[in-house]
Every structure is written in structure tokens, then in C-alpha cells.
Amino acid sequence: MKNNMKEMIDEIKRMKQQKNAVIVAHNYQIDEVQDIADVVGDSFTLSQYCASTDADVVVFCGVHFMAESAKILSPEKTVLLPEIDAGCPMADMITAEALIEEKKKHPNAAVVCYINTSAEVKAECDICCTSSNAIRVIESIPNDEIIFAPDLNLGGYVAKHFPNKTFHIWQGYCITHHRVVKDDVVKAKQAHPDALLLAHPECRQEVIDMADFVGSTSKIIEYAKNDPHDKFIIATEMGILHKLKNDSPHKTFYLLTPKFICPNMKKTKLESVYNALKFDRYQIELDEDIINRARKSLEAMLSV
Ligand code: 13P
Ligand code: SF4
């Protein structure tokens, strides 16, 4: 490790202690950022952690909707997003106004929003979900009709588990997962015939249909660790390989395709974390009314 890198890490640790801060990182973050974090996890683990920590400051290494969710769950804390333009194109595929119009079309439907949505959209929904609990969340809803937004792939995957419910699925998608197609899977399976395929539910149905296991990023890591197989093809964003290899050093992981890269998740560098703590930037600020309404749907999810 270069000296200046070591100095930066030491300084991050010092400022963290001085400000009573925690650093949380999503499983897609770059290796150096994951290594400096107090917690690395999927969207569900990180929101649970942010709701329970007694730190004064949360440095959220991920994308905008994740830092917003942390702020909604802990409005009294300072929540910092180190790179202000680290957004999620899928979350931008639905607005609160568009969801209000959709609700008018289906007045008897319960509204389930993937956590990959803005605070304003969360304020319009009944309950949130992540890719790790979506099925349990739908199970907890008595309504026969569900509006599911915004991911068409996660929505389609979940709807298959509930043939007796009617789903109105928003047609948003993750650009990183949606560009991977069946042909990519066929090629990867030909190259590694004895490897299991582990896929994220943001993948297209045709990819999910060929998977041995489907789950959130943390569920994929857990599965690979506990399963007796020693070779896995990974169908989600490449950042996950760091924790997969750390947790299961004797196993082999093949990224299904180099297309699995989320540019927004790659914006946060070690220097971004350093600057976030040094300059208290970029603070997430939300309207109080939005926080109160959005918190109900996140807390409903956490209580399932
Ligand atoms: P999870 O980490 O919850 O599986 O979500 C992946 C994701 O879409 C992050 O943007
Ligand atoms: Fe959004 Fe997809 Fe990137 Fe996750 S991987 S932050 S869903 S664009």
C-alpha cells in the first residue's frame, strides 16, 4: 500500500472516531471502500443497520436512494453521500406524480415499492421491499391486487410466486442487470459447465429461469458460502466478487459477463469518503412531511 493511501485511511479512521461516524457500504462498492466500511451489505441489511446504530453521522457509500432511506429511518442523524451524483437510473424511472396516477387506476391495490425509489415515491406507497424480502412483504399483504414499482424484473419474479393475486407492474429496470441476456448465460455455462449460476432478481426472466439460486446480493454471498459446490457463475454487479472471495477464499467465482458493472456504484472512491468526513458532504436533506410519510412504508417493511 502506498504511503499516502495509508495516511488517508488513518485519517478517515481518526475523523470517524472524532465525529462518532459509521461508514456503511453496499456490496457493489469498490474493494477499498468496502475494506474501510464498518458494515458491508445488501439494501436490507444496510437499512436495518442505519435504523439501529447510535452513531451521529452515517457515511453512506452507495447510491442516492440508499442514503435517503438511511435519512428517512434516522432523521436526527447527519447522513452523507460521498458522491452527490451517484444515483440509480432505475429509481429515476418513476416519479411520485406518476405513481399517484397509477393509484387512481387501481384504487383497491396495495402499493409496494422497491427500496430503489426516491423518498417522494416511498411517501406514496404502503410498504417498501428489497430484493431480499419482496416475497415475504407480499405475503404480509391481504389485498388481491398489487401495484409493484418500479422494477419489472423483480416484479415479474415475485408475481410468479402469487398466482392468485393481480399485479400491476411498473416497467422500470436496472440498466446494468437488464442488458444481460440468455445468450450471455449460455456462453458462461458452456465455459464453466460444472459451476452453479447465482442470479439477482433484477435480471431478466430469461436469465433467472436458468439460475440455480436467485437472491439479493447478501443472500448470494451467504448461499455461495454455505453450498458445498466450489464453482459459481455470478449474475449481478461485479463489486460483489470482493466479499464472495473474502468469505469463501477456496471457491472460484466467474462473473457471468463484464457487462455487470454499475457506473454509479463505482463513483465513490476512498478519497470521496475522506472528503465526506472532512467537509461533512454531501448531506441528505429531506422535507419533514416526506420523511414522515416515507418512514411509514420503510418501517412497515422492517416489521415484516
Ligand atoms: P441488494 O443489495 O438489496 O440485493 O440490491 C441490489 C441493488 O439493486 C443495489 O442497487
Ligand atoms: Fe441502480 Fe442497477 Fe446500479 Fe443498483 S445496480 S444502483 S439498481 S443501476
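Computed from the coordinates by the stated procedures, all read-outs in this text should not be read as laboratory data. Just so we're clear, the structure is a prediction, and the values are computed from it rather than from any experiment. Quick reminder, even Gly has a Cβ in these numbers, built from the backbone with ideal geometry, and neighbours come from all protein chains shown.
Projecting the Cα atoms of Ala159, Ile135, Val186 onto the charge dipole of the stretch 118-196, computed from C-beta unit charges around the Cα centre, puts Val186 farthest toward the positive end.
Within 10 Å of each residue's Cβ, count the other Cβ atoms and sort Tyr274, Tyr254 from fewest upward. All intermediate terms of the calculation are to be shown ahead of the outcome.
On the way: Tyr274 18, Tyr254 15.
With the sparsest Cβ surroundings first, the list reads Tyr254, Tyr274.
Legend: ranking of residues Arg281, Arg204 from fewest to most surrounding C-beta atoms inside 10 Å; resulting order Arg281, Arg204. In the stretch 38-77, the C-alpha radius of gyration followed by the widest Cα-Cα span (Dmax) gives 8.9, 23 angstrom. Converting phi to 3J(HN,Hα) with the Karplus coefficients 6.51, -1.76 and 1.60 and the offset θ = phi - 60°, the stretch 212-228 yields 8, 8, 10, x, 5, 4, 5, 5, 5, 4, 5, 4, 4, 5, 8, 6, x Hz in sequence order, with x at every glycine or proline.
The spacing between the stretch 196-234 and the stretch 1-54, judged by their C-alpha centroids, is 26 Å.
Against the compact-protein benchmark of 2.2 N^0.38 Å, the Cα-based radius of gyration of the stretch 115-226 scales to 1.14. One decimal place: the segment Glu285-Lys104 gains 62.2 nm when fully extended, by the rule 0.36 nm per residue minus the C-alpha distance.
Could you list Met238, Met8, Met66 so that the one with the fewest beta carbons within 10 Å of its beta carbon is first and the one with the most is last? Mind dumping the intermediate values first?
Numbers: Met238 20, Met8 17, Met66 25.
In order of increasing Cβ crowding within 10 Å: Met8, Met238, Met66.
The distance linking the stretch 130-184 with the stretch 261-297 is 26 Å (Cα centroid to Cα centroid, whole angstrom). Here's how it looks for Ile147: its modeled amide H is under 5 Å from those of Ala110, Val111, Val112, His168, which are all 5 or more places away or on a different chain. A simple rule links phi to the HN-Hα coupling: the Karplus curve 6.51 cos²θ - 1.76 cosθ + 1.60 with θ = phi - 60°, which for the stretch 179-194 gives 7, 8, 10, 3, 4, 5, 5, 4, 5, 5, 5, 5, 6, 9, x, 9 Hz, with x for Gly and Pro.
Taking every alpha-carbon pair under 8 Å whose residues sit at least 6 apart, the chain reaches a relative contact order of 23 percent. Here the Debye sum runs over all C-alpha atoms of the chain as equal scatterers in vacuum, and log10 of I(q)/I(0) at q = 0.15 Å⁻¹ comes out as -1.19.
Along the stretch 129-137 the Karplus relation, 6.51 cos²θ - 1.76 cosθ + 1.60 evaluated at θ = phi - 60°, assigns HN-Hα couplings of 8, 10, 6, 8, 10, 4, 5, 4, 4 Hz to successive residues, with x for each Gly and Pro.
Here is the short version for the chain: Cys50, Cys61, Cys88, Cys128, Cys129, Cys174, Cys203, Cys262 have no other Cys C-beta closer than 4.7 Å. Bridging of Lys103 to lysines at a Cα separation below 23 Å is possible for Lys122, Lys160, Lys165, Lys296, once same-chain residues fewer than 8 apart are set aside.
Per residue, what volume in Å³ does the Cα convex hull of the stretch 52-208 take up? List each step's numbers first, then the result.
Working: hull volume 23.1 nm³, N = 157.
About 147 Å³ per residue, rounded to a whole number.
Determine the relative contact order of the stretch 116-197: mean sequence separation of Cα pairs under 8 Å and six or more apart, normalised by residue count, in whole percent. Could you put the intermediate results ahead of the total?
Values: 59 pairs, mean separation 19.0, N = 82.
Reported as a whole number, the value is 23 percent.
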